[in-house]
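Data block below; observations after.
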Amino acid sequence: MMFSTSTTNESFQNLPLRFLRDSDKVNFDPVTRQRIDVSFDDANGKPSHDHNPAKQRYQVKSSRRNGQTYEIDWADGVSSQYSIEWVHQTAMNWKNPQLSRELWTGMSDSHVRNSDELSMPFEKVIHDEGMAKALKALYNFGILLITETPTDDGGAAIAALASAVSGSPKKHLASISLLENYRQGGTDIVLPDGTDGPLRTLYGSVWFTKSSVQAEGTSVADSAYGLDGLPLHTDMTYMLSPPGLQIFTMIEPALEGGESIYADGFAAAEILRSEDPHAFNVLCNTDRRYHSIDKDTGWHLEATGPVIETRQGQIVRIRHNDLDRLPDLPPYTSHGIDSESFYTELADAHAKWDDILGRDSTRLEMKLRCGDTVLVANQRCMHGRYSFQIADKSPRAVSGCYVSQDDLNSRFRMEALPVLL
């Protein structure tokens, strides 16, 4: 059964009665927000759930609008209240979820630097108003330039930036927040009891592309530590859930070469959907395998996933790194498979994807300066670079870290920015 009332617009209607009744706030602990209507034995934890609750629980006796609230009297004598705003937003997100992201192509270095939305100074980001603005930019565009980042503190400023866009927005305790620790003069990049900041990975918390500076025992088994150009890619495709955010800080730029390249993967995927729907569907429905192996430090990571992931027709994740991708293997069935057709279709789709990524209009080229930091939504935007040569006075050193997608999504929700799972 669905709930519908003549006092509402059509777009508010048809939420299931079971959903509405179970969503009543009385079913949730007011402190933990965990459900308290789940039946189980208090002594041993065994489930004692009634899979067939009384019909009256989900039957409406009467309903009405009272100011900005909908009230429902259920047949079993319980009354529930729901804000009109919540009903409206829930119904809209359920029926036709829309994420107001700004897809971009044709951007330039000067455009980013001169944009109030896409560029901010470091000192502004580490304060509350700046944090909110940074999160909105990352939500809308998937990329943000931070200028004037300190580079002589062993990574403390980078860790503080990661803290500013992760964990809780309440940054008042230096013992758990790297941002507050930094504001008070601290230089930590990890806190023993911290709840925000860099994601710990095989590369450590804050990493450096100069292996002489990288923390002992962390991995350097990645092409980022070389001199060659790198194709557009997302990072850590070999993790079940790749990081949500990549933070790059230029410590020392190369005198020649080493330009950074970025692209909006969501925009590229929409171009593919428009120009070649079949290729789009192939990349959405074919799991690719990715890996990272570092025998020196003892890591062997593998994960699978499509290049383009969608939910209800909307693009929600890009997982693309040809350098970490393992050879494709068609799905096995006992009835056999036309492997040649599988490989031909996949190669054609990937070639079309590569064509889009190679277009100048897709690629944002930036010559990062000392203290420039770029925040990149790693499950949306891709990055790469031009090749460069090392010189005594120009080693091209970059430092950075990651933030988990869960942390980033939590901060988006706290800013009332919808997240489609």
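By a 1.4 Å probe calculation restricted to protein chains, Arg413 has an accessible surface near 120 Å², given to the nearest 10.
Kindly flag which residue pairs out of Lys133/Lys352; Lys25/Lys95; Lys25/Lys55 have an alpha-carbon separation exceeding 25 Å in this structure. Beyond 25 Å between Cα atoms: Lys133/Lys352. Among (i) 24.8, 80; (ii) 21.3, 66; (iii) 26.5, 92, which is the computed Rg and Dmax of the Cα atoms in Å? Calculated Rg and Dmax of the Cα atoms in Å: the matching label is (i). Exposed loop sites here are chymotrypsin sites (Phe, Trp or Tyr not before Pro) assigned a DSSP state other than H, G, I, E or B and surrounded by at most 16 other beta carbons within 10 Å; excluding them, the longest clear run of the chain is 1-331.
Comparing Ser341, Ser387, Ser115 in a Gaussian network model of the chain where C-alpha atoms under 10 Å apart are linked, the largest mean-square fluctuation is found at Ser341. Mind jotting down the distance between the C-alpha centroids of the range 372-421 and the range 51-70, whole Å? What the calculation gives is 47 Å, centre to centre.
Note on the range 102-254: Rg/Rh from C-alpha atoms, Kirkwood Rh, equals 0.95. Close amide H contacts of Tyr203 (hydrogens built in the peptide plane, cut-off under 5 Å, sequence separation of 5 or more or a different chain): Ser219.
For the chain, the share of accessible area belonging to carbon and sulfur comes to 50 percent (1.4 Å probe, ligands and nucleic acids excluded).
Coupling constants for the range 336-349 follow from the phi torsions by the Karplus curve (6.51 cos²θ - 1.76 cosθ + 1.60, θ = phi - 60°), and in residue order they are x, 8, 7, 5, 5, 5, 4, 5, 5, 4, 5, 5, 5, 5 Hz; glycine and proline get x.
Relative to the compact-globule estimate of 2.2 N^0.38 Å, the Cα radius of gyration of the range 269-318 comes out at 1.49.
Taking square-rooted eigenvalues a ≥ b ≥ c of the alpha carbon gyration tensor, is the range 287-375 rounded, prolate or oblate, where a/c under 1.5 means rounded and, failing that, a/b exceeding b/c means prolate? Here the range 287-375 falls in the oblate category. Karplus-derived 3J(HN,Hα) values for the range 108-120, using 6.51 cos²θ - 1.76 cosθ + 1.60 with θ = phi - 60°, are 10, 4, 5, 4, 5, 5, 9, 8, 5, 7, 9, 9, 9 Hz; glycine and proline are entered as x. A 1.4 Å probe run over the protein chains yields, for the chain, 51 Å² of accessible area per residue, whole-number rounding. Computed from the Cβ-Cβ distance with R0 of 60 Å, the FRET efficiency linking Tyr386 to Trp94 stands at 0.85. Close amide H pairs (under 5 Å, H built 1.01 Å from N) link Gln389 with Glu256, residues at least 5 positions away or on another chain. Extension gain, Lys136-Asp322: 0.36 nm per intervening residue step, less the Cα-Cα distance, totals 63.9 nm. Calculated mean residue ellipticity, 222 nm, the chain: -7000 deg cm²/dmol, from DSSP H runs (n ≥ 4) at -39500 (n - 2.57) each, averaged per residue and rounded to 500. Applied to the range 71-83, the Karplus parametrisation 6.51 cos²θ - 1.76 cosθ + 1.60 on θ = phi - 60° returns per-residue 3J(HN,Hα) values of 10, 10, 9, 8, 5, 8, x, 8, 10, 10, 10, 9, 5 Hz, with x for Gly and Pro.
The values are calculated or read from the model by the stated rules, or taken from the named source; none is laboratory data. No experiment lies behind these values; they were computed from the predicted model shown. Reconstructed Cβ throughout: ideal geometry from the backbone, glycine too, with neighbour counts over all protein chains shown. When the accessible area is computed, the model is the full protein with side chains, heavy atoms only, and any ligands, DNA or RNA have been set aside. Shrake-Rupley method; radii C 1.70, N 1.55, O 1.52, S 1.80 Å.
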